[in-house]
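Take a look at the structure set out below.
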Amino acid sequence: MIRLYSAKKAEEITEGLGGILDQIEREYRVPSACMKAILFREIKEIDLADLAADCIVRSRLLSRLAGRRDSSTGYAQIFAYVAINALNFAAEQGIENAQGLGLPAGFVSDPKNSEDIRIMWLKLNRDRAFNLRMAALNLLAASFEVNGHYDLAHSAPEELKKTFSRYNANTKRITGYGEEVYGYYLRFTGS
């Protein structure tokens, strides 16, 4: 695996996103340290295989060919179907909606609809701020699913670990990923 970013470069990129992360914190109440922890972990792991997958998906979506139509993309390495599910959660909770995020009128947010996947994936891939917003909404949805609430600012350490674990996998238990990201979270909070 040939990684694209060193840990140092991943940290520089993450810190450089501070303005949009502060805005996300104000709008969605997702602590900047939570976002930085996820982003640092994801960015430092991006490799050539991720770029190849993005190229394959982009070419198939733009030409509407059959085959692989989704992959994790952007700094947050989020799949279109995951982002659609997060958006549906946010709409149900009154946090955000498709039009508020600049998605086209009539976007119905169906994770099984190939046109919705196409629209979502292309926006995730092309729009960095949108990618980060969808990651934040996914964190909120993950927290609600595993903890019964989405108040990340007041979550206990075990709750954050479960939330980070759920961000990365369909699980309700703490994984190595969740432990690792929690360590980055502590670093970004200065703890």
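The values are calculated or read from the model by the stated rules, or taken from the named source; none is laboratory data. Treat the numbers as computed from the prediction; the structure is a model and nothing was measured. Glycine gets a Cβ as well: all are built from the backbone with ideal geometry, and neighbour counts include every protein chain shown. Accessible surface areas use protein heavy atoms only, side chains included; no ligands, DNA or RNA. Shrake-Rupley method; radii C 1.70, N 1.55, O 1.52, S 1.80 Å.
The table that follows gives values for the structure above.
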{"item": "Extension reserve of the I13-R29 stretch, reckoned as 0.36 nm per residue once the Cα distance is removed", "result": "3.6 nm"}
{"item": "Dipole of the chain, positive direction: furthest Cα of L140, I56, L21, with charges on the beta-carbon", "result": "I56"}
{"item": "Modelled FRET efficiency - R0 22 Å, L122 with Q99, Cβ distances, 0.05 increments", "result": "0.80"}
{"item": "Label-point separation, E158 to L4 (7 Å along Cα→Cβ), nm", "result": "3.8"}
{"item": "Carbon plus sulfur fraction of accessible area for the chain, probe 1.4 Å, in percent", "result": "50"}
{"item": "Volume per residue that the Cα convex hull of region 1-160 spans, once the total is divided by residue count, Å³", "result": "117"}
{"item": "Under 18 Å from the A52 label point (7 Å along Cα→beta-carbon), backbone N, region 1-18", "result": "1-5"}
{"item": "Nearby lysines by direct alpha-carbon distance to K36 (threshold 18 angstrom, same-chain neighbours under 8 apart not counted)", "result": "K8, K9, K44, K161, K162"}
{"item": "Under the span-like rule (Cα at least 27 Å along the axis, Kyte-Doolittle mean at least -1.0), DSSP H helices of the chain", "result": "128-147"}
{"item": "1.4 Å probe accessible area per residue over the chain, in Å²", "result": "47"}
{"item": "Candidate lysines - alpha carbon under 18 Å from K123, same-chain residues fewer than 8 apart omitted", "result": "K112"}
{"item": "T175 long-range amide H proximity, modeled H, under 5 Å", "result": "S165"}
